[in-house]
Every structure is written in structure tokens, then in C-alpha cells.
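Each remark here refers to the structure printed beneath this line.
Rule-based calculations on the coordinates, nothing more; no lab input. Since we're looking at a predicted model, the values are computed, not measured. Reconstructed Cβ throughout: ideal geometry from the backbone, glycine too, with neighbour counts over all protein chains shown.
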Amino acid sequence: MAKKEIYPIYEKMSRDDLDKRIKYIEKMVKVLDRLKFVRYRYKGYSVEDSCERVGISKMMGYTWQKRWNRDGYVGLIPRYSGGRPSKLNQQQKEELQIILKQGVELTTVEIKDLIEEKYGVAYSLKQIRVIVKDLKSS
């Protein structure tokens, strides 16, 4: 029997909003590393030394420096959006996660067929494996 929580967590925002906020902050952490690189360059460190201090390759350092020189701060903001949005919404993922945790072992093909039948969404077998791995880790 599960122990009753003494201090429950209140949902102050939706899970989608929480995920968006996390992605935004992760993106800003990458900008922080790039700004540190620029600061080291301002202090007179070589590109090689600055790269070593930030933990990046020399080639990446030159790329960041080129972007900084051309566009300033804006040039350091990552240019990718984090990939294609999922075909399944958060509620569908949660439903699928519950199905997968019911103890019945399903093959990748069976899960693929289940998703197509239940949600009308087609995925490759490779993507099904990625989804299942992601759902099991969360």
C-alpha cells in the first residue's frame, strides 16, 4: 500500500507549459556557455584556451566567434527548434504509458499497430522504440 504524501505538489501550470519552460531554459544554458566563451576571448585567452575552459572543440569555438562577430548576442542563440513536434499529444502519451505499464509485454510491432489503431498515427519501428524508451524513463 502506498504511503500518503504529506506534502503534495500543486500543479501551478500545465505539463505542456512546464515542458516548454524547461526547453527554453535549456536553450538559455547553451547561450550561457557561449557567452562565457566570448568573455574568455575578451579577457585575452586564445580560441584554443577558451574552448578548453568551456569544454568545446576548437572548430566550435571558431564558429561561435564568427557568429558573435557577425551578429553579436543574437548569433549565439541556438538555431534549432528542438525537432519536429510529436504526433501524439501529452494525454495520448500518458495513456500509452499506462498501457505499457500494465505488465503485458508487447512487441514493437504490436505497439506500432496499437498506436495506429487507437490514435491514427503512423510511426516507424525505430521511432516506436524511441517513444517506448522515453515513456519508460519518465
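Please list 87-98, 68-79 highest first by mean number of surrounding beta-carbon atoms within 10 Å per residue.
Numbers: 87-98: 14.1, 68-79: 12.0.
The packing order, highest mean first, is 87-98, 68-79.
In plain terms, the residue of SER50, SER14 with the fewest other Cβ atoms within 10 Å comes first and the most crowded comes last, giving SER14, SER50. The C-alpha atoms of the chain define a longest principal axis, and helix 58-71 lies at about 80 degrees to it. Nearest 10 degrees is fine. How inclined is helix 108-119 to the longest principal axis of the chain, computing both from alpha carbons? The angle comes out at about 80 degrees.
The residues neighbouring VAL31, those whose beta-carbon lies less than 12 Å from its own, together hold a net charge of +4 under the Lys/Arg +1, Asp/Glu -1 convention. Find out how many positive minus negative residues lie around THR108, taking Lys and Arg as positive, Asp and Glu as negative, among other residues whose Cβ is under 12 Å from that of THR108. Net of charged neighbours comes to +1. Charge tally for ASP17 (other residues, Cβ to Cβ under 13 Å; Lys, Arg +1; Asp, Glu -1): +2.
Here each label is just a point 7 Å from Cα along the line to Cβ, and for ALA2 and ASP49 those points are 5.5 nm apart.
Taking the alpha carbon gyration tensor of segment 15-76, what are the square roots of 5 times its eigenvalues, largest first, to the nearest whole Å? If you can, show how the numbers build up before the last one.
Values: eigenvalues 132, 29, 17 Å².
Output for segment 15-76: semi-axes of 26, 12, 9 Å.
Label separation (ASN89 vs LEU32): 3.4 nm, computed from points 7 Å beyond Cα along the C-beta direction. Helix 125-137 and the long axis of the chain differ in direction by around 90°, with both axes built from C-alpha atoms. In the chain, the DSSP-assigned H stretches of four residues or longer account for a calculated mean residue ellipticity at 222 nm of -20500 deg cm²/dmol, using -39500 (n - 2.57) per stretch and the full residue count as denominator.
Can you tell me the relative contact order of the chain? Whole percent, Cα pairs under 8 Å, sequence separation 6 or more. Don't skip to the answer; put the middle values down first.
Working: 64 pairs, mean separation 22.6, N = 138.
Relative contact order comes out at 16 percent.
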